[in-house]
């Protein structure tokens, strides 16, 4: 996708299998199965969709998936496979080496969005930045919650995903909505976590938003009352989505969803029944 002198590519960093109670929470099975039919173990697929953005001066990565440090138990727990290869494979197919990335934007610090921030060195034990020349950014509110987890959040906030970045001086904390490059903004979109960000890209009157876990699947964006059980403040998620629905309609924006295997990208519009629906846009995976 091109917006003037900005190029945007979808990068697939893996496919996980999640208990349907995670992405659909209180939504009855009879309703959500119209969109995602769970298997015999009540599992539904969730993509790890990342974004590569190239500007005239920057090579930017939005989220990094689970990364390459998973042990056998973690791989089994996530049920992860790589139908399109790893994040690095996707970047390689468009001619981008990890060393070339100049900015990594962490929408939030859940492990499936930032695990690829770091990797093992050749010795197999030392943790190093996966993108050695990049600045990494995340909201300060998110870092505060990640470094002070509770019984509910402890399993997904993993210090190895960011500690080394603080030591190397590559991590910068953001304080509210922030312009990260010309036409590219990190915008607070709370509910999933308090410091969760969406990323907007604007050029020549065109608008794109990586909504991240404000709406893990396209159907979450369509239906205000549908949200995941992972959201720390679900009622806040609802109001965040209400505001972003209005924004998407006003700007005829392309919306990109972080975990959807069927409609990873689309536009919000009214269908024949005058109901809001994400009209899919054909995606080309890097």
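Show the residue pairs that are 6+ apart or on different chains and have beta-carbon atoms under 6 Å apart, the first residue being within the stretch 31-44 and at negative phi, the second being part of a loop (DSSP other than H, G, I, E, B).
Qualifying pairs under 6 Å: 38/20; 44/20; 44/36; 44/38.
So which residues in the stretch 1-34 are in a loop (DSSP other than H, G, I, E, B) and farther than 21 Å from residue 192 by Cα?
Restricting attention to the stretch 1-34, the residues satisfying the condition of being in a loop (DSSP other than H, G, I, E, B) are 1, 4-5, 20, 25-28, 33-34.
Matches in the stretch 1-34: 1, 4, 5, 33, 34.
Where residues in the stretch 176-197 are in contact (Cβ under 8 Å) with a residue 60 or more places away in the chain, under 14 Å from the mean Cα position of the chain (by Cα) and assigned to a loop (DSSP other than H, G, I, E, B), which of them is surrounded by the fewest Cβ atoms within 10 Å (Cβ to Cβ)?
Taking the stretch 176-197 as the starting set, the residues that turn out to be in contact (Cβ under 8 Å) with a residue 60 or more places away in the chain are 180-184, 186, 192-193, 195-197.
Retained after the next criterion (residues that are under 14 Å from the mean Cα position of the chain (by Cα)): 186, 192-193, 195-197.
Pick out the ones that are also assigned to a loop (DSSP other than H, G, I, E, B) and you get 192-193, 195-196.
Numbers: 192: 26, 193: 27, 195: 24, 196: 30.
Looking at residues that are in contact (Cβ under 8 Å) with a residue 60 or more places away in the chain, under 14 Å from the mean Cα position of the chain (by Cα) and assigned to a loop (DSSP other than H, G, I, E, B), I get 195.
Kindly indicate the residue of the stretch 85-140 that is assigned to a loop (DSSP other than H, G, I, E, B) and within 17 Å of the chain's Cα centre (by Cα) and also surrounded by the fewest Cβ atoms within 10 Å (Cβ to Cβ) among those meeting that condition.
86
Out of all the residues in the stretch 61-105, which are in contact with a helix residue (DSSP H, G or I) (Cβ under 6 Å, 6 or more places away or on another chain) and touching a residue at least 60 places away in the same chain (Cβ under 8 Å)?
Taking the stretch 61-105 as the starting set, the residues that turn out to be in contact with a helix residue (DSSP H, G or I) (Cβ under 6 Å, 6 or more places away or on another chain) are 63-67, 87.
Selection gives 63, 64, 67, 87.
Throughout, read-outs are computed from the coordinates displayed, never taken from laboratory work. Fair warning: this is a prediction, and the values are worked out from it, not measured in the lab. Here the Cβ is made from the backbone with ideal geometry for all residues, glycine too, and neighbour counts use every protein chain on show.
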